[in-house]
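S.K.: Below: one structure in C-alpha cells.
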Amino acid sequence: MSLKRIFLLVFILIVAAGGYLGWMLFGPRLNSPEGGFFYIHTGTNYQQVKNDLISEGIISNVFWLDKVSDYANYPERVKPGRYKIGKSISLVNLVRMLKAGRQDPVNLVITKLRTPEDLAKKISNSLEPDSTQVINFLKSNDSLFQFGVDTNTLMTLVIPNTYEYNWNTGTEEVLKKLSRADEKFWNEERSKRAAGLHLTPKEVYTLASIVEEESNKPDDKGKIASVYVNRIRRGMRLAADPTVKFAMKNFGLKRIYHRHLAYVSPFNTYMNAGLPPGPICTPSIKTIDAVLNMPETDYLFFVARSDFSGYSDFATTYTEHLIYAKAYQKALDSLIRKRQQQK
C-alpha cells in the first residue's frame, strides 16, 4: 500500500472517529423519560443522578456522561429540579442544563379550595414537598406568623390564580409568593372599599367565602353579601348554612336539618355571632369584588327560588321570607318524591 493511501485511510479514520465522538456528545441521541420530565430531588448526589438517568431509560450507559460531566465539573454542582428532556437534546446540552439548574417551571393552578389540607394536597401534588411536610407548616402558628395569619385565617392569603414555581420550591417560599400576590390584590381601591364596609380585607375575604358557597349566580352575590352585612349591623347571627357544612367538614350535605345547626364549632354561624374566624373556601376574585361592590339594601333574608333556577328570593321581613321559604320547601319535597318514584 502506498504512503498516499495510508495517509488517506488514516484521515478517513480520524474523520470517522471525530464524527462518532461528535454524534455521541452533540447528537440528539437521548431518550425522553415518561412524562417528558426528569426530577432531581433535593439532596441527590451525582451517583444517584446517573442511576436515575439509566433507570428511566434516558441514557444507555454512563461512559460518555461521566466524561462530559467531569469536564464540566457537574458532579459537584448537582441542582434539584424538574427538567424537561426531549428526544432532540444532546448529552452535552443535558449536562449544561442540569449544571445550570435550568429547570422547567410548574404552574400551580389554584381555584376553589376549602381547607389547609386541600392546599397542602395541591402543593404536594405539584411540587417537591410531601403533604406531611406541607401540612405541618400550614398548621403551625409559629410558621405562619411572618405572613400575618394564623391557622384560621391562613386561606385568606390564597387569591385563586395561576402561580409559577420551580418544582423544588419549599412550602415557606410558596407562601411568600402567595402573600406577595395577596398584598398586590388588596390595592388602595379595594382596601378603601373594605374600609367603607367597616370590614378588614380578611373579613371581606371570609364573607366572600360564604357568598361563594351560597350561590354561583353573579347577579345574586352582591345582594347575598348585603344580607349578611345587614345582619351583622343589626347584631343578628349570620345563620349561614355553608358554615355548618364547613364546621362539620361534611361538604356533601345537600340539606341542613335542625340537628345540624347545634354542631359545636366556632365556624357555626348559627351558634356564634359575627363572621366565622376564617374563610370556609377560597372565593373567586369576582366574588370578592361582588362583596366589595355590594348594593345598599334592606334585605335580611334570602332563600333559593322554587323554580330551581339557582337564583334566590330576597326579603326584608321574616313574614315575607317565610312565604318564599315555604314555596321552595314545597317544590323541593315534590321534586324528591318524583325522583323516588322514578327509581
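Rundown of residues vs (1) among the acidic types (D, E); (2) within 28 Å of K249 (Cα to Cα), yes/no style:
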site	(1), (2)
T44	no, no
V49	no, no
D52	yes, no
S90	no, no
T115	no, yes
S126	no, yes
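S.K.: In region 29-55, how many residues are in a strand (DSSP E or B) and β-branched (V, I, T)?
M.R.: Number satisfying all stated conditions: 1.
S.K.: Mind checking which pairs have a first residue in region 81-92 that is closer than 23 Å to T42 by Cβ and part of a strand (DSSP E or B) and a second that is polar (S, T, N, Q) and open to solvent by 10 Å² or more (accessible area, probe 1.4 Å), Cβ under 6 Å, 6 or more apart or different chains?
M.R.: Short answer, once both residue conditions are applied: G81/Q103; G81/N168; R82/Q103; Y83/Q103.
S.K.: Any idea which residue in region 98-123 is nearest to F246 (Cα to Cα), counting only those that are open to solvent by 20 Å² or more (accessible area, probe 1.4 Å) and of a type in the set (A, V, I, L, M, F, W, C)?
M.R.: V109
S.K.: Looking at M24, M97, which one is at pLDDT 90 or above, part of a helix (DSSP H, G or I) and in contact with a Phe, Trp or Tyr (Cβ under 7 Å, 6 or more places away or on another chain)?
M.R.: Answer to the check: M97.
S.K.: Output the number of the condition that H321 fails; it satisfies all remaining conditions of (1) touching a residue at least 40 places away in the same chain (Cβ under 8 Å); (2) surrounded by 12 or more Cβ atoms within 10 Å (Cβ to Cβ); (3) of a type outside the set (D, E).
M.R.: (1)
S.K.: Examine region 133-144 for a residue that is in contact (Cβ under 8 Å) with a residue 60 or more places away in the chain, out of contact with any Cys (no Cβ under 6 Å at 6 or more places or on another chain) and either in a helix (DSSP H, G or I) or crowded, with 18+ Cβ neighbours inside 10 Å (or both), and state whether such a residue exists.
M.R.: no
S.K.: Please name all residue pairs, on different chains or six or more residues apart, with Cβ atoms under 6 Å, provided the first residue is in region 241-252 and is assigned to a loop (DSSP other than H, G, I, E, B) and the second residue is open to solvent by less than 60 Å² (accessible area, probe 1.4 Å).
M.R.: Cβ pairs passing all conditions: F251/K245.
S.K.: If you go through region 314-331 one residue at a time, do you hit one that is modelled with pLDDT of 95 or more and within 16 Å of D219 (Cβ to Cβ)?
M.R.: Among the residues of region 314-331, at least one is modelled with pLDDT of 95 or more and within 16 Å of D219 (Cβ to Cβ), which makes the answer yes.
Residue-by-condition table, conditions (1) open to solvent by less than 50 Å² (accessible area, probe 1.4 Å); (2) small (G, A, S); (3) at pLDDT 95 or above:
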site	(1), (2), (3)
S131	no, yes, no
D150	no, no, yes
L178	yes, no, yes
H198	no, no, yes
S209	yes, yes, yes
S215	yes, yes, yes
K223	no, no, yes
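S.K.: Residues P295, P276: which one is of a type outside the set (V, I, T) and under 26 Å from the mean Cα position of the chain (by Cα)?
M.R.: P276
S.K.: Name the one entry in L332, L292 that is surrounded by 17 or more Cβ atoms within 10 Å (Cβ to Cβ) and either of a type in the set (V, I, T) or at negative phi (or both).
M.R.: The conditions single out L292.
S.K.: I need every pair where a residue in region 160-184 that is among the hydroxyl-bearing types (S, T, Y) has its Cβ under 9 Å from the Cβ of a residue that is open to solvent by 20 Å² or more (accessible area, probe 1.4 Å) and part of a loop (DSSP other than H, G, I, E, B), sequence separation at least 6 or different chains.
M.R.: So the pair list comes out as Y165/P105; T169/E128; S179/G148.
The values are calculated or read from the model by the stated rules, or taken from the named source; none is laboratory data. All figures in this text were calculated on a predicted structure; none of them were measured in a lab. Every residue, glycine among them, receives a Cβ derived from its backbone with ideal geometry; neighbour counts consider all protein chains shown. The accessibility values were calculated without ligands, DNA or RNA, using every heavy atom of the protein model including side chains. Shrake-Rupley method; radii C 1.70, N 1.55, O 1.52, S 1.80 Å.
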